[in-house]
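Here is the structure we will look at, set down as C-alpha cells.
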C-alpha cells in the first residue's frame, strides 16, 4: 500500500501558504504522486460570498479535514503502484481554532479538539516576512496577521508540534520546503 505523507502548511493570512502548497505539489509530482488540499475557508467564502459566523467555525474545521481525507484517499488509490504519495495541506484546523480566538474572542471546544488532532507528518510554518497583499478574500490586515502569527507559534509549542520555519522570498520558501519534504522522504527510505 502507498504510504501517504501529509504535510501541513500553516501560517498567518497572506504568508504564501496556498502558493507554496500548490507549488510543492507540482514540484514533487515529477517523482511522486502528489496533490494539494485548498483552504476550505476560502472555498466557503467564495461560495457563500461572506465570511463565516461564529457558529460556522466548526463546519470550517470539519470540512477542512473531510477535504484532506477525500483527497488523500483519492491520491492513495491513484498511486497504488508508488511507494509514497504526498498531500500538501494549505492550512489546518489549528488556524480555525486560532481565528476563533482572534476574531470572535473565544475558543470553541469542538474546533479545539479537531485542531489538537494534528495528524501530519511534517508541519511547515510560513513566516510573516512577505509584504502583506490582499488576496481577494476579506482579511484583517497586517495587525491581525502579527497577532495570529504569535498565536500559531504559541499553540505549536503548547501542543508540542514540531515544525520547520519557512521564510524569505517565494523562491527561498519553495527551496526550504522542498528540502524539508525531501528529508522527510529520505528518513522513511532507511
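What follows draws every value from the coordinates through simple rules; no lab data is involved. Worth saying up front: this structure is predicted, and the values here are computed from it rather than measured. Using ideal geometry, Cβ is built from the backbone for each residue, glycine included, and neighbour counts are taken over all protein chains shown.
Computed values, structure above
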| item | result |
| --- | --- |
| Highest-fluctuation residue, 30, 128, 80 considered, GNM on the chain with Cα pairs under 10 Å | 30 |
| Relative contact order of the stretch 90-190, pairs being alpha-carbon contacts under 8 Å that are 6 or more residues apart, as % | 30 |
| The chain: most fluctuating residue of 152, 166, 103 per GNM, C-alpha cutoff 10 Å | 103 |
| Radius of gyration and Dmax over the Cα atoms of the stretch 54-168, both given in Å | 15.4, 48 |
| With Cα atoms, 0 to 90° folded angle of helix 142-158 axis to the chain main axis | 60 |
| Inter-label distance for residue 184 and residue 55, nm, one decimal - labels placed 7 Å from Cα along Cα-to-Cβ | 3.7 |
| Computed over the stretch 1-125: relative contact order in percent, which uses C-alpha pairs under 8 Å that are six or more apart | 44 |
| Helical contribution to [θ] at 222 nm, DSSP H n ≥ 4, -39,500 (n - 2.57), averaged over the chain, rounded to 500 | -16000 deg cm²/dmol |
| Computed E for residue 171/residue 66 - FRET, C-beta separation, R0 41 angstrom, nearest 0.05 | 0.80 |
| Ranked 91, 2, criterion: other C-beta atoms within 10 Å, fewest first | 2, 91 |
| Percent RCO, i.e. relative contact order, over the stretch 1-65, from Cα pairs under 8 Å lying at least 6 residues apart | 20 |
| Estimated distance in nm for a label pair at residue 43 and residue 109, the labels positioned 7 Å out from Cα along Cα-to-Cβ | 2.9 |
| Crossing angle, helix 17-28 versus the chain [Cα axis fit, 0-90 degrees, rounded to tens] | 10 |
